[in-house]
1. Do we find that GLU64 is charged (D, E, K, R), within 20 Å of LYS136 (Cβ to Cβ) and at pLDDT 85 or above in this structure?
2. Which of the residues belonging to segment 1-30 are β-branched (Val, Ile, Thr) and either open to solvent by 80 Å² or more (accessible area, probe 1.4 Å) or at pLDDT below 95 (or both)?
3. Condition (residue is within 27 Å of GLY53 (Cα to Cα), in a strand (DSSP E or B) and at pLDDT below 95) applied to segment 148-157: is it met by at least one residue?
4. What number of residues in segment 48-62 are open to solvent by 80 Å² or more (accessible area, probe 1.4 Å) and in a strand (DSSP E or B)?
5. Would you be able to tell me the number of residues in segment 124-138 that are open to solvent by less than 80 Å² (accessible area, probe 1.4 Å) and either closer than 17 Å to MET29 by Cβ or at pLDDT 95 or above (or both)?
6. Here is a check on your reading of the model: is LYS74 open to solvent by 40 Å² or more (accessible area, probe 1.4 Å), touching a residue at least 12 places away in the same chain (Cβ under 8 Å) and either touching an Asp or Glu at 6+ places or on another chain (Cβ under 6 Å) or hydrophobic (A, V, I, L, M, F, W, C) (or both)?
7. Suppose we filter ARG101, ARG121, ARG113 for residues that are in contact (Cβ under 8 Å) with a residue 60 or more places away in the chain, charged (D, E, K, R) and open to solvent by 30 Å² or more (accessible area, probe 1.4 Å); which single one remains?
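The values are calculated or read from the model by the stated rules, or taken from the named source; none is laboratory data. Everything numeric in this text was worked out from a predicted model, so none of it was measured. Every residue, glycine as well, gets a Cβ built from its backbone with ideal geometry; the counts of neighbours run over all protein chains shown. Side chains are part of the model used for accessible areas, which takes the heavy atoms of the whole protein and leaves out ligands, DNA and RNA. Shrake-Rupley method; radii C 1.70, N 1.55, O 1.52, S 1.80 Å.
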Amino acid sequence: MKKIMLAVVAALSVGGACAEPYLGAGLTMSTVNVNCAGKLTCTHDGAGAKIYGGYMGKSGIGGELVYLQLGTAKTTTATTNTDYEASGVAAALVMRGTVSRSFFVNAKLGLARVTTTAKARTAAAIQPDYSESTTKPYLSLGAEYGFVENVKLTAFVDSTKGKIYGDSAAIHSFGLGVEFLF
């Protein structure tokens, strides 16, 4: 993961003179697909967020670093309530296409380091938190609308995977945000 982030930073540094920096943030509805086998109740959906920054070259190719708050899943058994929280960081190559003067589409492909934490509670006690981290592919597809100079509204779909108790958990986020160009 460190090597990929260094490669993205190096690529951005070389193209910095002809690149446009940007920062953005968005709120998401996320789905964290944890294993629900044997559970009395299981909810996968929760709120999340992302904060990102990067450079976009004049050619429509750039790089981006992202912090992801990927949401929470909840399960219940006869004796235990468990919250599964997922978050991570990603480094991605960004490809942007122009549809019209104010409307753009983008695709982002990279790697995400995702940490999933299980917080279990029983009637008798609160159990110690258990966390697992994994590095998985990160994909984001989005649309951007520039309604005023240097400000864009964004809509996006993010996808990656986490891991908890040895099981893989697919994570999908759908969100809206705002992006500022410098």
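1. For GLU64, the condition - charged (D, E, K, R), within 20 Å of LYS136 (Cβ to Cβ) and at pLDDT 85 or above - is met.
2. Answer for segment 1-30, where residues must be β-branched (Val, Ile, Thr) and either open to solvent by 80 Å² or more (accessible area, probe 1.4 Å) or at pLDDT below 95 (or both): ILE4, VAL8, VAL9, VAL14.
3. Within segment 148-157, one or more residues are within 27 Å of GLY53 (Cα to Cα), in a strand (DSSP E or B) and at pLDDT below 95.
4. 3
5. Counting residues in segment 124-138 that are open to solvent by less than 80 Å² (accessible area, probe 1.4 Å) and either closer than 17 Å to MET29 by Cβ or at pLDDT 95 or above (or both) gives 7.
6. Yes.
7. Matching residue, one of ARG101, ARG121, ARG113: ARG113.
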